[in-house]
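K.L.:
Provided herewith is a single structure, encoded as C-alpha cells, for subsequent inquiry.
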Amino acid sequence: MELLTIYREIRHMKVKYITTIAIATIIGLVTTNFSYANSKAATNLNSTTVSSKVAQSNPCAGKANPCASKENPCASKENPCAGKANPCAGKANPCAGKANPCAGKSSTASVHPQFYNEKSVALDGQDVVAYFTQSKLVMGVSQFKHNWAGTTWIFASAANRDMFANNPEKYAPQYGGYCAQGTSEGHLVVTQPDAWKIVNGKLYLNYDKTVQAQWMGDIPGHIASANKNWPAILNNKELFR
C-alpha cells in the first residue's frame, strides 16, 4: 500500500509539472507576440514621424517636377542663318583702287605752297625718282613732266615720269621738299638738290651739305621733331633762302 501511494503521488507531481510547463510556454508565446506587435507598431510610428518631418522640411517633397514632360522650346527650330550665304561674300571693297581724295592736294589756307618749287617747277627741277632708282642726283627735262599737288614735276625719262605718276607719295620728298633740319627747328627753309638722303624708303632734302651733316647727327630725333612741326610751318611768315 505504501508503494502504490508513492507511485500515485509521483504521477500526480508529473502531471502538475507538465501542466505548469505548458502554461508557462503559452504565456511566453503570448508575451513574445505582444512584444513583437508593440515593437512593430512603434517602428511604424517612428517611420511615419520621420516621413512627416522630411515632408515638412523639403518644400518640393511630393510635388511633381514642373518641367517634366515639357519640350525644349528651341528643339526642332532651325538656325535662321543656316544655309544662307554671307551677304558680303564676293563683294569687292568699294574703296579699293580709288585714289585718296585728299592725296596730293595743297592746302589753300597755307601761306606757302605744299611743295617747295622754283619757277613753278617742283624743287629745283631734279628727277626725284632717280634718287631711288639710280642713287644719284639727276636733273629732269621739261619733255617728261607730270602735274601733281598743284606743282609740275619733271623727270629724266618717260619711265621715271610714269613711276612717279603711279605712286607720287612714294617718291615725293618729305616736308614738301623743304629743309629737313630747318623743319625740325620749326623753320621753313629752301633746299639744294645735292643735299639728299633716303631713310627708311623716304626722301629727305636739306639746305646744303653742311646743314645735312648736322641733320645726320641725330636723324631719328630730327625726324621726330620735324613731324611735330609739319605742316604747321607752311604758315610761317618767312621762307629762308
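The values are calculated or read from the model by the stated rules, or taken from the named source; none is laboratory data. It should be emphasised that the depicted structure is a prediction, and the values quoted were computed from it without experimental measurement. In this analysis, Cβ positions are derived from the backbone assuming ideal geometry, glycine residues included, and neighbour counts consider all displayed protein chains.
K.L.:
Go through the residues of the stretch 186-198 one by one and say whether even a single one is under 29 Å from VAL141 (Cβ atoms), loosely packed, with under 15 Cβ neighbours inside 10 Å and at pLDDT 95 or above.
P.N.:
yes
K.L.:
A further question follows. Would you point out the residue of the stretch 117-132, among those that are surrounded by 16 or more Cβ atoms within 10 Å (Cβ to Cβ) and more than 44 Å from the chain's Cα centre (by Cα), that is nearest to ASN160 (Cα to Cα)?
P.N.:
ASP127
K.L.:
Same structure again: If I ask for residues that are in contact (Cβ under 8 Å) with a residue 24 or more places away in the chain and either outside any helix (DSSP H, G or I) or loosely packed, with under 15 Cβ neighbours inside 10 Å (or both), which ones from the stretch 225-238 would you list?
P.N.:
TRP230, PRO231, ASN235, ASN236, LYS237, GLU238
K.L.:
Continuing with this model, one more query. Go through HIS146, HIS222, HIS187 for me and flag whichever is outside any helix (DSSP H, G or I), within 44 Å of the chain's Cα centre (by Cα) and not basic (Lys, Arg). First the steps, then the outcome.
P.N.:
Numbers: HIS146 fails: within 44 Å of the chain's Cα centre (by Cα); HIS222 fails: outside any helix (DSSP H, G or I).
Result: HIS187 is the single residue among HIS146, HIS222, HIS187 that is outside any helix (DSSP H, G or I), within 44 Å of the chain's Cα centre (by Cα) and not basic (Lys, Arg).
K.L.:
Report yes if LYS145 is among the charged types (D, E, K, R) and out of contact with any strand residue (DSSP E or B) (no Cβ under 8 Å at 6 or more places or on another chain), otherwise no.
P.N.:
In short, no.
K.L.:
Give the residue, chosen from TYR175, TYR131, that is in a helix (DSSP H, G or I) and within 20 Å of SER110 (Cβ to Cβ).
P.N.:
Working: TYR131 fails: within 20 Å of SER110 (Cβ to Cβ).
Just a single option satisfies the conditions, and that option is TYR175.
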